[in-house]
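J.: Following this message is one structure expressed as structure tokens.
The values are calculated or read from the model by the stated rules, or taken from the named source; none is laboratory data. Keep in mind that what you see is a predicted model, and the values were worked out from it rather than measured. Please note: Cβ atoms are built from the backbone with ideal geometry, for glycine as well, and neighbour counts cover all protein chains shown.
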Amino acid sequence: MKSPRPLFSQRLFWLALLLSLGIGALVTRTVFTMRTDAWNFAARTNANLATALEQSVGWTLRAMDQSLQDVAAKLEHPGVMELPQELRNRVLFATPLRVAGLMDVYVVDSRGDIVIDSVAHPPRKANYADRDYFQALMSGAREGLVIGHPVMGRVTQTWMLPVARAYHGADGRVAGVVVSSVSLSYFNELFSALHLGPSSGVNLILSSGTIVTRYPYGDADVGKSLAGTPNMRRLLAEKSGSFVGVASLDKIERFYSFRHVGPYPLVVNVAQSTDVMLASWRANALQLAAFALVLMASCVGLAVLFARELARRQEVTSRLQQTEHYLRTILDNLPSTISYWDKSERNRFINRTSVDVYGRTPQELHGMHVSDVVGSAGYAVVEPFIRQALAGHPQRFERNLTDASGRLRCTHISYTPDMDPRTGEVRGVFVQMSDITDRKRVEEELFQEKELMRLTLQSIGDAVVCTDAEGRITYLNPVAAHMTGWQAFDAAGRDVDEVAPLFLANGEQTQPSSLRQALAARTTCGPTRGVVLRGRDGMRFEVEESASPIIDRHGQLTGAVMVVHDVTETMAMAERMARLAQYDALTDLPNRVLLQDRAAHALALARRESRSLAVMYLDLDGFKQVNDRLGHDAGDQLLVLFARRLVAAMRQSDTVCRQGGDEFVLLLPGLDGRRQLSAVAGKVLAVCREPFVVRGESLQIGLSAGIALFPEHGATYEELARHADTAMYAAKRAGRMQVRCYAGPVREPELVEPPLQDATK
């Protein structure tokens, strides 16, 4: 008969082997769980840093854009360029110079030369015609804020990121560029607040792939292109995200968290070395693996030793105690609180996290009742769940508690009944408590962000219309409801073309909605100008509209959003401003701008047809005395009466312009010979022969005039104007109330006698 001892030993050996394999599996799972937790924590931290940097950079660029818009808008005002230099600079640059990070601001003309400098008077000499942003804005290829490639400043001699906006002339064309820049050191100072590990850093990259700055690696990589690299393709594929990639510059594997900076062509990413991210985990994993190997070897060894020497029970007991120690070590290093409570609700086991949560060691908590551990208030919360668990029903719930350090934690708690497998009796409760504070914070932040977006859409001044992928209305903000005449609940589910019909400026021909185009092309469309929105109630709005598709993170088209901007008042104001830009506000005569334009056309026609042309300068005599005696209001009335008489005396083909003050300019095309000059002189002098009645008082004034002829006295308007002015002052010196014609640089201007019948009057 075989001894039962070998059979028992074999069974013990196989049991020990299975236990070792189980421990190995448990440890392996624990190691991978620890790796996942470490990786997820670092990834969340990385993503949060990228989000914070994107918001900071986006806010900076928005503030800079607003400042440049303000300068451009002021430049387009007709009176700004006429202001004295010091006052003009104060008006243009008072706000931009207060924006953090914004360097000197320059106004560049259409040739690329600096014409206005926010710092230097006169402006520093530099030309920006070769810059990418200048060419893009002047050609009309780009609108709005344009961010150029990083360059070494020609004035500042530092690395900078240029930002620019176009400004327009009175004719609506691009007249030049308002340009400033952000020193790359500003971004590096912003990024320096992050304390990343070795081989880690922050990258700011243009959407074209050009590196703006890499912190903390210095300026060596500024301007290098990453276009076409695998990492750059990942950065451009989505608005935000994270991925692991190998850097093309130094071949180091990093974890990248990136976000596109608002609507701007910039991507910010935080790159952490994967070796740094997992360094702590590797150390812990090695220790845990060592413990596991020791534990597994111990189990097998104990089984072998027990099979060989049953007498050595003390040694086996010691090893079992050691095994318990290892298991306790594993549990103590888990991030969750693990505990066991018997039927009397007294503690029989808890891991080391009890020190952080309750401020007591596992030894101190052993044998304590639940109410003594969590307090009476806490016990009142958890007692119903404990009762249910002791009745055999697993429980899961969330609870807020204050830990030993005074920190408020949000926790997820699970109660698992410990049931006797033979009798089904509940012997106690296993409790696992996990800290979910960070998860709850993220959920709250997402809710706040959604609520902020809702409030923003409710409060902005533009109409916002949202649809599904089929173009059916899902949302109207209050402005959109007002403009369309539809309430949001009535419009829901209706076609966008029914709720917000668009027409061309004539108001009859329909205009396809940019939202439909955005849905079809899956890209942003607009802005579309010269469009009329006709509301349900018959109201008519001149608008600009643009639309963008809504694409989820899986690349699926889920809808579109259309923004409609009411430009009715803006268009009316533009028409009024265009009039003021070319006509004198007092007399309604053409001003200097319109005169120069007409002079250019008249000179071109005169050259083509070989005809003459005259420019006459007029200055009123005795006007100052009227202002001094009766006031400027009376003077203004006199100027209006004089302008009317002068216009009535001239031909329809002539241009009568008020130069400023009491000076007037006549552009007289097609004059043939001195005889016609004499006739014009007679008409001009006759304007002042009859007195002017102002406020019931008869006023007598005179005039002095000078004439220059094309082509005898000049080939350009500037030459003719200068010579006519010279002849006018000669008329004043000679006794006034006369007309003189320029006779050359040496000779005195000649007197132009009016016709004989006029001379006798």
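J.: On the basis of being at pLDDT below 85 and either within 41 Å of the chain's Cα centre (by Cα) or not acidic (Asp, Glu) (or both), does residue 432 make the cut? First the steps, then the outcome.
T.: Details: at pLDDT below 85: no; either within 41 Å of the chain's Cα centre (by Cα) or not acidic (Asp, Glu) (or both): yes.
For residue 432, the condition - at pLDDT below 85 and either within 41 Å of the chain's Cα centre (by Cα) or not acidic (Asp, Glu) (or both) - is not met.
J.: Follow-up. Residues being surrounded by 19 or more Cβ atoms within 10 Å (Cβ to Cβ), out of contact with any Phe, Trp or Tyr (no Cβ under 7 Å at 6 or more places or on another chain) and among the small types (Gly, Ala, Ser): count how many of those fall in region 688-714.
T.: 2
J.: Next up: Filtering region 25-58 down to residues that are closer than 16 Å to residue 243 by Cβ and of a type in the set (A, V, I, L, M, F, W, C), which residue is surrounded by the most Cβ atoms within 10 Å (Cβ to Cβ)?
T.: The selected residue is 50.
J.: Let me ask another. Kindly indicate which of 605, 646 is touching a strand residue (DSSP E or B) at 6+ places or on another chain (Cβ under 6 Å) and not acidic (Asp, Glu). Reasoning before the result, please.
T.: Working: 605 fails: touching a strand residue (DSSP E or B) at 6+ places or on another chain (Cβ under 6 Å).
Exactly one residue qualifies, and that residue is 646.
J.: Also, quick follow-up: Can you find even one residue in region 743-754 that is part of a loop (DSSP other than H, G, I, E, B), surrounded by 18 or more Cβ atoms within 10 Å (Cβ to Cβ) and at pLDDT below 90?
T.: Applying the first criterion (part of a loop (DSSP other than H, G, I, E, B)) to region 743-754 yields 743-749, 752-754.
Filter again for surrounded by 18 or more Cβ atoms within 10 Å (Cβ to Cβ), leaving 749, 752, 754.
In the following step, the residues that additionally are at pLDDT below 90 were identified as 752, 754.
Within region 743-754 (the criterion being part of a loop (DSSP other than H, G, I, E, B), surrounded by 18 or more Cβ atoms within 10 Å (Cβ to Cβ) and at pLDDT below 90), the answer is yes, since at least one residue qualifies.
J.: Name the residue, out of 559, 526, that is at pLDDT 90 or above and either assigned to a helix (DSSP H, G or I) or in contact with an Asp or Glu (Cβ under 7 Å, 6 or more places away or on another chain) (or both).
T.: Details: 526 fails: at pLDDT 90 or above.
Just one listed residue meets the conditions, 559.
J.: While we're looking at this one, here's another question. Provide a single number: the residues in region 142-194 that are modelled with pLDDT under 85 and hydrophobic (A, V, I, L, M, F, W, C).
T.: 9
J.: Suppose we filter region 152-171 for residues that are without any contact (Cβ under 8 Å) to a residue 60 or more places away in the chain and over 17 Å from residue 113 (Cβ atoms); how many remain?
T.: Counting residues in region 152-171 that are without any contact (Cβ under 8 Å) to a residue 60 or more places away in the chain and over 17 Å from residue 113 (Cβ atoms) gives 7.
J.: Moving on. Which count do you get for residues in region 106-152 that are assigned to a loop (DSSP other than H, G, I, E, B), over 19 Å from the mean Cα position of the chain (by Cα) and surrounded by 16 or more Cβ atoms within 10 Å (Cβ to Cβ)?
T.: To start, the set of residues in region 106-152 that are assigned to a loop (DSSP other than H, G, I, E, B) comprises 110-112, 118-126, 128-131, 140-145, 148-150.
Keeping just the survivors that are over 19 Å from the mean Cα position of the chain (by Cα) gives 110-112, 118-126, 128-131, 140-141.
Filter once more, so that each one left must be surrounded by 16 or more Cβ atoms within 10 Å (Cβ to Cβ): 112, 118, 123, 128, 131.
Residues meeting the conditions: 5.
J.: Given (1) under 17 Å from residue 566 (Cβ atoms); (2) out of contact with any Lys or Arg (no Cβ under 7 Å at 6 or more places or on another chain), identify the lone condition not met by residue 501.
T.: (2)
J.: With the condition kept exactly as written, say whether any residue in region 418-435 is touching a strand residue (DSSP E or B) at 6+ places or on another chain (Cβ under 8 Å), crowded, with 17+ Cβ neighbours inside 10 Å and assigned to a loop (DSSP other than H, G, I, E, B).
T.: No, the conditions are met nowhere in region 418-435.
J.: Can you pull out every residue in region 168-193 that is under 30 Å from residue 594 (Cα atoms), assigned to a strand (DSSP E or B) and out of contact with any Gly (no Cβ under 6 Å at 6 or more places or on another chain)?
T.: Kept after step one, since they are under 30 Å from residue 594 (Cα atoms), are these residues of region 168-193: 168-179.
Subset that is assigned to a strand (DSSP E or B): 168, 174-179.
Residues satisfying the conditions are 168, 174, 176, 177, 178, 179.
J.: To continue, here is another question. Do you know which residues across region 318-341 are under 30 Å from residue 437 (Cα atoms) and of a type in the set (D, E, K, R)? Step through it out loud before you land on a result.
T.: Going residue by residue through region 318-341, those that are under 30 Å from residue 437 (Cα atoms) are 326-341.
328, 332, listed by residue number.
Rundown of residues vs (1) within 25 Å of residue 281 (Cβ to Cβ); (2) outside the structural domain of residue 430 (by TED's automatic domain parsing), yes/no style:
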| position | (1), (2) |
| --- | --- |
| 330 | yes, yes |
| 344 | no, no |
| 349 | no, no |
| 357 | yes, no |
| 360 | no, no |
| 363 | no, no |
| 369 | no, no |
| 377 | no, no |
| 381 | no, no |
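J.: Looking only at strands (runs of 3 or more DSSP E) that lie completely in region 239-341, which have at least 1 residues being surrounded by fewer than 18 Cβ atoms within 10 Å (Cβ to Cβ) and touching a residue at least 40 places away in the same chain (Cβ under 8 Å)? I'd like the intermediate steps shown before the answer.
T.: Values: elements: 240-246, 253-260, 266-273.
Of the strands (runs of 3 or more DSSP E) lying wholly inside region 239-341, those with at least 1 residues that are surrounded by fewer than 18 Cβ atoms within 10 Å (Cβ to Cβ) and touching a residue at least 40 places away in the same chain (Cβ under 8 Å) span 240-246.
J.: Also: Mind checking which residues of region 384-399 are assigned to a helix (DSSP H, G or I) and either at pLDDT below 90 or among the small types (Gly, Ala, Ser) (or both)? Give the steps one after another, and end with the answer.
T.: Keep residues of region 384-399 that are assigned to a helix (DSSP H, G or I), which gives 384-390.
Once the filter is applied, which keeps residues that are assigned to a helix (DSSP H, G or I) and either at pLDDT below 90 or among the small types (Gly, Ala, Ser) (or both), region 384-399 yields only 389.
J.: Among the residues of region 173-208, what is the count of those that are touching a residue at least 60 places away in the same chain (Cβ under 8 Å) and not β-branched (Val, Ile, Thr)? Quick ask: steps written out before the conclusion?
T.: Step one: of region 173-208, the residues touching a residue at least 60 places away in the same chain (Cβ under 8 Å) are 174-183, 186-187, 190-191, 194, 196-207.
Remaining after also requiring not β-branched (Val, Ile, Thr): 175-176, 180-181, 183, 186-187, 190-191, 194, 196-201, 203-204, 206-207.
Qualifying residue count for the region: 20.
J.: Taking the condition closer than 21 Å to residue 646 by Cβ, in contact (Cβ under 8 Å) with a residue 12 or more places away in the chain and not in a helix (DSSP H, G or I), does residue 671 pass? Show your work before the answer.
T.: Numbers: closer than 21 Å to residue 646 by Cβ: yes; in contact (Cβ under 8 Å) with a residue 12 or more places away in the chain: yes; not in a helix (DSSP H, G or I): yes.
Yes: the conditions hold for residue 671.
J.: Now, a different point. Out of 588, 636, 628, 619, which single residue is part of a loop (DSSP other than H, G, I, E, B) and in the same structural domain as residue 718 (by TED's automatic domain parsing)?
T.: Values: 636 fails: part of a loop (DSSP other than H, G, I, E, B); 628 fails: part of a loop (DSSP other than H, G, I, E, B); 619 fails: part of a loop (DSSP other than H, G, I, E, B).
Just a single option satisfies the conditions, and that option is 588.
J.: Taking region 224-238, which residues are assigned to a loop (DSSP other than H, G, I, E, B), within 17 Å of residue 202 (Cβ to Cβ) and not basic (Lys, Arg)? Show your work before the answer.
T.: We begin by selecting, within region 224-238, every residue assigned to a loop (DSSP other than H, G, I, E, B); these are 224, 226-229, 238.
Narrowing further to those that are within 17 Å of residue 202 (Cβ to Cβ): 224, 226.
Answer for region 224-238, where residues must be assigned to a loop (DSSP other than H, G, I, E, B), within 17 Å of residue 202 (Cβ to Cβ) and not basic (Lys, Arg): just 226.
J.: Also: Starting from region 407-425, take each residue that is farther than 18 Å from residue 343 by Cα and list its partners that are in a loop (DSSP other than H, G, I, E, B), counting only C-beta distances under 8 angstrom and pairs at least six apart or across chains.
T.: Taking only residues 6 or more apart or on different chains, the pairs are 409/403; 410/436; 411/436; 412/436.
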